[in-house]
1. Pull up the stretch 181-200, narrow it to residues that are surrounded by fewer than 21 Cβ atoms within 10 Å (Cβ to Cβ) and of a type in the set (A, V, I, L, M), then point me to the one that is nearest to V28 (Cα to Cα).
2. How many residues are among the basic types (K, R), closer than 16 Å to V108 by Cβ and within 30 Å of the chain's Cα centre (by Cα) when one looks only at the stretch 49-96?
3. Quick check: is even one residue across the stretch 208-224 surrounded by fewer than 22 Cβ atoms within 10 Å (Cβ to Cβ) and within 13 Å of the chain's Cα centre (by Cα)?
4. Consider A22 against the criteria (1) at pLDDT below 85; (2) more than 30 Å from L91 (Cα to Cα): it satisfies all of them except one. Which criterion is unmet?
5. Could you please let me know if S138 is closer than 30 Å to F256 by Cα, more than 15 Å from the chain's Cα centre (by Cα) and in a helix (DSSP H, G or I)?
6. Out of the residues in the stretch 127-162 that are farther than 30 Å from V290 by Cβ, of a type in the set (S, T, N, Q) and surrounded by 12 or more Cβ atoms within 10 Å (Cβ to Cβ), which is modelled with the highest pLDDT?
7. Yes or no: the stretch 235-247 includes at least one residue that is over 16 Å from F158 (Cβ atoms), of a type in the set (V, I, T) and without any contact (Cβ under 8 Å) to a residue 12 or more places away in the chain.
8. When you scan the stretch 61-117, how many residues do you find that are free of Cβ contacts under 8 Å to residues at least 40 places away in the same chain, assigned to a helix (DSSP H, G or I) and hydroxyl-bearing (S, T, Y)?
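The values are calculated or read from the model by the stated rules, or taken from the named source; none is laboratory data. In this text the structure is predicted, and so the values were computed from the model without any measurement. In this analysis, Cβ positions are derived from the backbone assuming ideal geometry, glycine residues included, and neighbour counts consider all displayed protein chains.
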Amino acid sequence: MRLIQLVPAGTKIGFMRVRNYALLFSTVVCLVSIVAAFVQGFNFGIDFRGGILIEIRTQGPADIAGLRTKLNGLGLGEVQLQGFGRPDDVLIRIQRQEGSEAAQNQAVEKVRATLGTAVEYRRVESVGPKVSGELIQSGVYATLVALLAIMVYIWFRFEWQFGVGATIATVHDVISMIGLFSIFQLEFDLTTVAAVLTIAGYSVNDTVVVYDRLRENLRKYKSMPLEQLIDLSINETLSRTILTSTTTLLAVLALFFFGGPVIHGFSLAMIWGIVFGTYSSIYVASPMLVHFKLRRGNFADEAEQKQTASP
């Protein structure tokens, strides 16, 4: 069976020739993202601002669009509806109301009066500022722990230059995504944090593929300059990179256009992360090995030991 070859064999694209321009672009993107995060802040969702959570069950499949229209007319601020589990189960999130607990109860009563007795109220909760603050803290800790684990994993599998390079590329992707949500004031909630962690894993997976091929080529081509060796490794894995990124992107685009407003932020973050994750694997993670002056001695020694051990 003949395999599809997206990139012709022997392709020689000089990625490293423009690495300084790519580094300048990435630096600008990260600086703008950091400034936007500190100056403009974020449009936090209900998960991080606090609010009201109501779980209902309708008689028959839920008309989420109709329910959303009814609740948006109550003047309660941001209202989110999400179907889950069974077709008649709906989760309603309402932003925290100004005032004490009495104001939250009044908002719940407005919802009850609007929806009437045709629905079953299975759960009613109020998320206060303390809980939302703990969620923000947990989200930050989860991201930092994931980045640290990635660096340790790559460090032990390859060399410290690889570990630091992969971490810088992943941090680059996370910062750029944070900047996207801050600049355009897109809603930032727990699903966005999930997208950030997903993209961190996706980005490092793509980086490891390039690094693994580079390690093989370091043992194979002992005298080839490092920049040429990196270009060779990227070109050899380019077909796999394009195929993986394209198929993943098609699935996420379907979520973005047809998944509804509930996962709009998640799918947009995934789209951004796939594009920048692919870019960073080539133009951030790989050039870092040149900047950190990767030493080839250990790989050459491993190759010689294997040749000596072979009969």
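1. Step by step, filter the stretch 181-200, then rank; the result is I183.
2. We begin by selecting, within the stretch 49-96, every residue among the basic types (K, R); these are 49, 57, 68, 70, 86, 93, 96.
Subset that is closer than 16 Å to V108 by Cβ: 70, 93, 96.
Filter once more, keeping what is within 30 Å of the chain's Cα centre (by Cα): 93, 96.
Total satisfying the criteria: 2.
3. Scanning the stretch 208-224, I find no residue that is surrounded by fewer than 22 Cβ atoms within 10 Å (Cβ to Cβ) and within 13 Å of the chain's Cα centre (by Cα), so the answer is no.
4. Condition (1) is where A22 drops out.
5. So S138 fits the description; yes.
6. S138
7. The initial filter retains those residues of the stretch 235-247 that are over 16 Å from F158 (Cβ atoms), namely 235-236, 238-247.
Narrowing the set further to residues that are of a type in the set (V, I, T) leaves 241-242, 244, 246-247.
Of the ones still in play, those that are also without any contact (Cβ under 8 Å) to a residue 12 or more places away in the chain are 246-247.
Checked against the condition, which is being over 16 Å from F158 (Cβ atoms), of a type in the set (V, I, T) and without any contact (Cβ under 8 Å) to a residue 12 or more places away in the chain, the stretch 235-247 yields at least one hit.
8. Result for the stretch 61-117: 2.
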